[in-house]
1. Tell me, which strands (runs of 3 or more DSSP E) wholly within segment 83-142 include 1 or more residues that are within 11 Å of the chain's Cα centre (by Cα), closer than 27 Å to Arg173 by Cα and not acidic (Asp, Glu)?
2. Which residues, taken from segment 161-181, are of a type in the set (D, E, K, R) and surrounded by 14 or more Cβ atoms within 10 Å (Cβ to Cβ)?
3. Can you tell me which residue among Ser155, Ser120, Ser108 is at pLDDT 90 or above, over 21 Å from Ala61 (Cα atoms) and either crowded, with 19+ Cβ neighbours inside 10 Å or touching a Lys or Arg at 6+ places or on another chain (Cβ under 9 Å) (or both)?
4. Go over the candidates Ala61, Ala55 one by one and state the one that is touching a Gly at 6+ places or on another chain (Cβ under 7 Å) and surrounded by fewer than 20 Cβ atoms within 10 Å (Cβ to Cβ).
5. Which of the numbered conditions does Val83 fail, given that it passes all the others? Conditions: (1) out of contact with any Cys (no Cβ under 6 Å at 6 or more places or on another chain); (2) at positive phi.
Amino acid sequence: MRPRRSRLIAFCGISALVLAACSASGINGSGVSSPSASVEPSPSVEPSPELPVEALVATGAGPIALAATSESIWVELHRADQVARIDPTTNTQVEVLEVPVHCGLAASGDDVWATDHKVSRVTHIPARAGKALESFDVPGPCFLAVEGDTAWVASPDSGAVYILKEGVAKPLRHIEVAPMIFDIALDKSSAG
């Protein structure tokens with residue numbers, strides 16, 4: 001099997017795990033996370049016969065967002081405020097980073113970016129370094145899109161998109177868009 005296809009199949013398997021985790025209750029009516037005693041996938045989720053699951057990978061508490069670099073799958077562990085790295089060739093979790101993340105995770109090439117809405121911070125993680133390289137202060141960051149060494153971060157709190165660049169301490173600029181913006185995507189003309 002070709003490496004690209006193996007990564008795609010592993011990504012789909014991990015996506016199934018994330019969906020299973022999200023369907024588990026884990027959050028009580030007040031919006032507060034309750035402790036999770038197990039990382040087993042929900043028994044109510046059945047694999048699809050149209051898209052067979054190659055592997056289910058156990059992760060830490062509350063897997064909720066995925067991002068893929070050239071060699072790994074990265075998972076936001078929402079309840080633990082951590083980022084896990086999955087090796088798609090072995091379908092195993094190989095590393096957990098103590099990187100605060102609580103809203104969004106995105107990757108481009110060999111870089112991973114994570115947002116923490118609770119503390120208004122965006123963290124840049126070079127995949128090969130295995131630790132956070134730099135952090136950026138952004139008011140209420142949530143979802144993000146990345147291309148190369150640049151991240152576009154949506155802030156629902158300020159109704160703006162902040163543009164961050166690796167190695168530059170402060171946002172390059174911010175663009176007022178709309179109150180409560182939660183998601184963002186790039187096309188080829190945006191990234192250039």
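The values are calculated or read from the model by the stated rules, or taken from the named source; none is laboratory data. The structure displayed is predicted, hence computed values, not measured ones. Note that each Cβ is placed from the backbone with ideal geometry, even for glycine, and that neighbours are counted across all protein chains shown.
1. Details: elements: 92-97, 103-108, 111-116, 121-126, 134-137.
Result: 103-108, 111-116.
2. Lys165, Glu166
3. Among Ser155, Ser120, Ser108, only Ser155 is at pLDDT 90 or above, over 21 Å from Ala61 (Cα atoms) and either crowded, with 19+ Cβ neighbours inside 10 Å or touching a Lys or Arg at 6+ places or on another chain (Cβ under 9 Å) (or both).
4. On inspection, the qualifying residue turns out to be Ala55.
5. (2)
Here is a yes/no grid of residues against (1) touching an Asp or Glu at 6+ places or on another chain (Cβ under 9 Å); (2) not assigned by TED's automatic domain parsing to the domain that holds Leu172:
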residue	(1), (2)
Pro63	yes, yes
Ala68	no, yes
Ser72	yes, yes
Val75	no, yes
Arg85	yes, yes
Asn91	yes, yes
Ile125	yes, no
